[in-house]
1. Based on this model, can you work out whether G462 counts as out of contact with any Asp or Glu (no Cβ under 7 Å at 6 or more places or on another chain), more than 25 Å from A196 (Cβ to Cβ) and in a loop (DSSP other than H, G, I, E, B)?
2. Pull up region 320-344, narrow it to residues that are part of a strand (DSSP E or B) and not hydroxyl-bearing (S, T, Y), then point me to the one that is surrounded by the fewest Cβ atoms within 10 Å (Cβ to Cβ).
3. Restricting region 417-431 to residues that are within 19 Å of I348 (Cβ to Cβ), at pLDDT below 95 and not aliphatic (A, V, I, L, M), which is surrounded by the fewest Cβ atoms within 10 Å (Cβ to Cβ)?
4. Of everything in region 58-75, what is part of a strand (DSSP E or B) and β-branched (V, I, T)? Give them in sequence order.
5. If you take the residues in region 411-445 that are assigned to a loop (DSSP other than H, G, I, E, B) and among the hydroxyl-bearing types (S, T, Y), which one is nearest to the chain's Cα centre (by Cα)?
6. With the structure loaded, tell me whether T448 is assigned to a strand (DSSP E or B) and surrounded by fewer than 24 Cβ atoms within 10 Å (Cβ to Cβ) or whether it fails that test.
7. When region 474-500 is examined, which residues are found to be among the basic types (K, R) and either under 24 Å from I195 (Cα atoms) or part of a strand (DSSP E or B) (or both)?
8. Please work out which residue is nearest to S198 (Cα to Cα), limiting yourself to region 61-79 and to residues that are among the small types (G, A, S), modelled with pLDDT under 90 and surrounded by fewer than 16 Cβ atoms within 10 Å (Cβ to Cβ).
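The values are calculated or read from the model by the stated rules, or taken from the named source; none is laboratory data. Keep in mind the model is a prediction, meaning the values are calculated, not measured. Counting neighbours? That spans all protein chains shown, and the Cβs are built from the backbone with ideal geometry, glycine included.
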Amino acid sequence: MKIGMWAWILLGAAPLLAGCKGFWDAPGSGTSFTLSNSGNISVTAGATSGNTSTITVTPASSFTGTVALTCSVTSSPSGAASPATCSLSPASVTISTTTAETSALTATTTSTTTAGAYQITVTGTSGSASQTTSLCAEVSTSSGSCTASSGGSSGVFYVMNQGTRQIVAYSINSGAITQVGSPYTLSAAPYSIAIAPSGSFLYVGTASGIFLFDIGSNGALTLANNSNVISQDIATTMQVDSTGSWLVDASVTLSGVQLDAIPITSSGTVSGTAVPVDFPGSSVYQLAISPDNTHILVAEGSSGTEDVIFAAGNSNPFGTYVNIGVKNSSGGSAVSVGIDPSNRLLYIGEVAATSGASNTGGLRVINYNTLVEASGSPFATGGLAPYAIAPTLYGASKGNYVYVANRTVSGSSTGNIAGFAVTTSGTTPTLTPLSSTVSAGILPLGMTQDSTGNYLLVVNSGGSPDLQAFTFDSTTAGKLDSALTSATGTDPVQASAVAALP
């Protein structure tokens with residue numbers, strides 16, 4: 001018999017429970033591609049350098065084709081003389097693979113251009129699909145009115161709602177989190193969610209087993225496999241490996257923790273018998289598969305973290321494993337895991353990992369190849385229970401930052417998010433805490449970056465705000481700006497997991 005994590009929690013097994021605005025993109029009816037920009041422009045009047053921003057067109061849902069690009073100055077200082085203008089080079093890009101394409105936006109001014117903030121909107125069009133991204137051109141000799149950080153439309157992402165037993169699709173639309181299609185109501189309580197690397201299908205682990213959903217071109221979900229479960233596993237946590245060959249899930253059984261590798265086809269269905277490996281634990285929180293498919297981390301609470309050797313090309317993909325014990329044997333608990341996208345570091349979030357402060361949660365950082373803990377680890381996360389870890393996955397910042405969501409913070413009624421810069425000196429990566437944290441709702445349990453790299457998505461199981469989308473500051477590297485929150489009518493209920501289309 002297998003028991004999901006939420007059943008354990010219910011049984012009391014977990015003790016810790018004036019400038020430029022409107023810069024978010026407005027997706028069309030289907031998210032074939034997204035637009036983003038590299039940030040605001042700040043120049044003196046008449047400058048011919050430093051007056052550009054890079055516009056990136058990122059394909060989604062296997063999109064190919066030509067995207068025509070236009071730009072316009074949509075707001076200017078009142079009564080502006082010689083107002084700024086804009087141009088794009090090239091004026092169109094062709095998408096033929098999964099690789100994003102770019103165009104250079106130039107803001108042109110003269111020596112007599114009135115100082116102030118000029119909002120520029122770029123529109124990309126391909127057939128009936130249309131996307132926008134906006135930024136500020138601040139024309140001045142001093143810092144001024146641009147308040148928009150770099151941004152663009154989001155890709156589609158999915159939120160798992162415990163309260164309503166629903167999976168809901170969202171994207172960012174006109175400065176708000178917008179629901180995509182109708183929610184899908186499940187027949188049993190959901191515990192976990194995972195998306196295939198192809199972006200073609202989604203798995204939902206429930207109290208009745210694992211269900212398969214096909215993902216349409218607009219992100220809509222259709223229940224597949226004749227509405228039957230593909231596995232009877234009661235998966236607390238799961239992930240598809242990057243080859244799309246295995247769905248790996250972890251669950252609690254009456255005899256311990258079981259990790260299953262379920263062989264799957266290119267259409268997401270099961271193609272053989274699951275391969276198990278058992279651990280002598282009593283709880284499981286989260287697993288993560290390394291991008292190169294050689295390691296699987298499994299957070300097992302007070303039993304520590306299992307590091308399992310994995311080989312996606314083998315009929316039995318599991319190899320040897322080692323246990324990484326908790327830092328503090330008295331009260332320590334591994335509750336989250338993450339892996340650097342460049343295969344440099346393993347991340348473990350532990351309760352009671354640090355000392356000397358009221359908030360003792362810590363982020364452990366371990367060398368990917370040697371399993372040697374990094375200097376300074378564990379790093380204080382500013383909370384008691386670091387339940388979610390999210391390295392940056394896309395763009396120029398890929399792997400350069402990692403964020404930790406603290407479910408419980410001493411002396412506060414809300415959780416928070418701490419960030420760390422990841423740098424490499426020689427061959428040794430190091431972490432440096434960012435200067436500030438941001439509030440993250442009551443009980444943040446899930447966190448990921450959307451496929452455009454513009455938003456850090458956070459879900460909270462304890463109430464408003466249930467869903468937040470933070471943007472990344474355009475001037476202070478790694479800093480998270482104020483978050484969008486979901487509006488009434490689209491607000492999740494007890495949101496406990498989030499997954500974004502690749």
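1. Answer is yes for this residue.
2. My answer is V322.
3. T428
4. The answer is T58, T66, V67, T70, V73, T74.
5. T437
6. Judged against the criteria, T448 is a match.
7. Correct list: empty.
8. Only one residue tops the list, namely S62.
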